[in-house]
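Engineer: Sharing a structure below in structure tokens format, with a few things to ask.
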Amino acid sequence: MSSTTQTTQALRPDRKKTRLHFDLLGLGIALVMVFPVYWLVISALRPNREIRSYDQTLWPTSITFDNFVRATEQPNFTTAIQSSLIVAVTAVVGGMIIATLAALAIGRFRFFGRKALVLIMILVQMLPPTAMLIPIYAQLNAMGGVDEYWGLIVVYLVSTLPFATIMIRGFVVNIPVELEESAMVDGCTRFQAFRRVIFPLLAPGLAAASIFALVNAWNEYLFAYILINDNSKYTLNVWLMTFTTERGTDYGALMAASTMIAIPVVVFFMIIQKKMAAGLTSGAVKG
């Protein structure tokens, strides 16, 4: 047996130990990240007396669905769902349309200031939203956008636009121009070539960008709290404040409502998870 083979066999146990250590580390990190979600769901199923008890257990001694009933009976529950759906769906769809057009322009055409535009989008994405809260509120107030759905939609759309544009651009530059040109030679217009050839290839990137935009619009609280003052227009995250009153907080119903709010995003993610996984990897190969 050669010395190289003996050395390789000697190193294999060390590699297995190292891999085991990394697996255990990853499992520990996963448990830490999953535990708050687990505690949220378990708390939604506990009776209030057990939630307020000092003797907490990892599994409830009794399970109840009364918390979900009280959450759905809370005032403005249906209007909060309606508001969140209007804002989130409009922001996501509008953002994906504008981001796709912007990504096509940046990825396909050469114009003055193109690189500077990409750099500006990256820099804007790095700014914390709270730093822009006051100027955004002042501008929307002057335009009559405060306490209106469209004002909140514009904020969410603009906040996700730079990231979505950069991600989709990574797919655009990976699609050969010859495919589009061949379709146009065969008689397609530029729009038909985009719809039949380019758009299907952009689906993974759109899936990844849309889940980011949806999470941002569905879970955001600060701008919704500042820009919407009408109780009938509260989004779900602002509506959760109604569970805290002068008599205290109904933690059971609050946890149940939070669990229900998380379900739509989880379902949407499960539907597009395969395309999203492809979008997060292949879109960054080039460009």
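Engineer: Hey, got the dipole for the stretch 147-280? About the Cα centre, +1 on K and R Cβ, -1 on D and E Cβ, debye to the nearest 20?
Structural biologist: Computed about the Cα centre, the dipole is about 340 debye.
Engineer: DSSP H helices in the chain with Cα extent of 18 Å or more along the helix axis and mean Kyte-Doolittle hydropathy at least -0.5?
Structural biologist: On the way: long enough: 3-45 (62 Å, 0.45); 77-108 (46 Å, 1.70); 114-126 (19 Å, 1.73); 149-172 (32 Å, 1.60); 199-219 (29 Å, 1.33); 251-282 (43 Å, 1.38).
Span-like helices in the chain: 3-45, 77-108, 114-126, 149-172, 199-219, 251-282.
Engineer: Which one, 120, 252, 35, is farthest towards the positive end of the dipole of the chain when Lys and Arg carry +1 and Asp and Glu -1 on their Cβ?
Structural biologist: 120
Engineer: Ranked by accessible surface with a 1.4 Å probe, highest first, in what order do 109, 171, 163 come?
Structural biologist: 109, 163, 171
Engineer: While we're looking at this one, here's another question. May I ask you to rank 220, 181, 246 by accessible area, largest first, using a 1.4 Å probe over the protein chains only?
Structural biologist: Working: 220 30, 181 100, 246 195 Å².
Heavy-atom accessible area, descending, gives 246, 181, 220.
Engineer: Answer with one residue from 200, 86, 150: the one whose Cα lies farthest towards the positive end of the charge dipole of the chain, charges on Cβ with Lys, Arg +1 and Asp, Glu -1.
Structural biologist: So the residue we want is 200.
Engineer: Ignoring ligands, DNA and RNA, how do 68, 22, 112 rank by accessible area with a 1.4 Å probe, largest first?
Structural biologist: Details: 68 45, 22 135, 112 210 Å².
Largest accessible area first, the list is 112, 22, 68.
Engineer: Right, next: Note down the net charge around residue 252, summing +1 for each Lys or Arg and -1 for each Asp or Glu among other residues with Cβ under 11 Å from its Cβ. Kindly include the intermediate steps, with their values, before the conclusion.
Structural biologist: Values: positive: 46, 49, 52, 70; negative: 50, 66, 250.
Counting the neighbours of residue 252, the net charge comes to +1.
Engineer: Considering Cα pairs under 8 angstrom that are at least six residues apart, work out the relative contact order of the chain and quote it in whole percent.
Structural biologist: On the way: 283 pairs, mean separation 85.1, N = 287.
The value is 30 percent.
Engineer: Next question. Rounded to the nearest 10 Å², what accessible area does residue 62 have for a 1.4 Å probe in the complete protein model?
Structural biologist: We get 40 Å² for residue 62.
Engineer: Here's another thing I want to ask about it. Would you please classify the overall shape of the stretch 123-166 from the alpha carbon gyration tensor, given that a ≥ b ≥ c denote the square roots of the eigenvalues, rounded means a/c under 1.5, and beyond that prolate means a/b larger than b/c while oblate covers the rest? All intermediate terms of the calculation are to be shown ahead of the outcome.
Structural biologist: Numbers: a/c = 3.08, a/b = 1.57, b/c = 1.96.
Here the stretch 123-166 falls in the oblate category.
The values are calculated or read from the model by the stated rules, or taken from the named source; none is laboratory data. Given the structure is predicted, the values throughout are model-derived calculations rather than measurements. Positions of Cβ are generated from backbone atoms using ideal geometry, with glycine treated the same way; all protein chains shown enter the neighbour counts. Side chains are part of the model used for accessible areas, which takes the heavy atoms of the whole protein and leaves out ligands, DNA and RNA. Shrake-Rupley method; radii C 1.70, N 1.55, O 1.52, S 1.80 Å.
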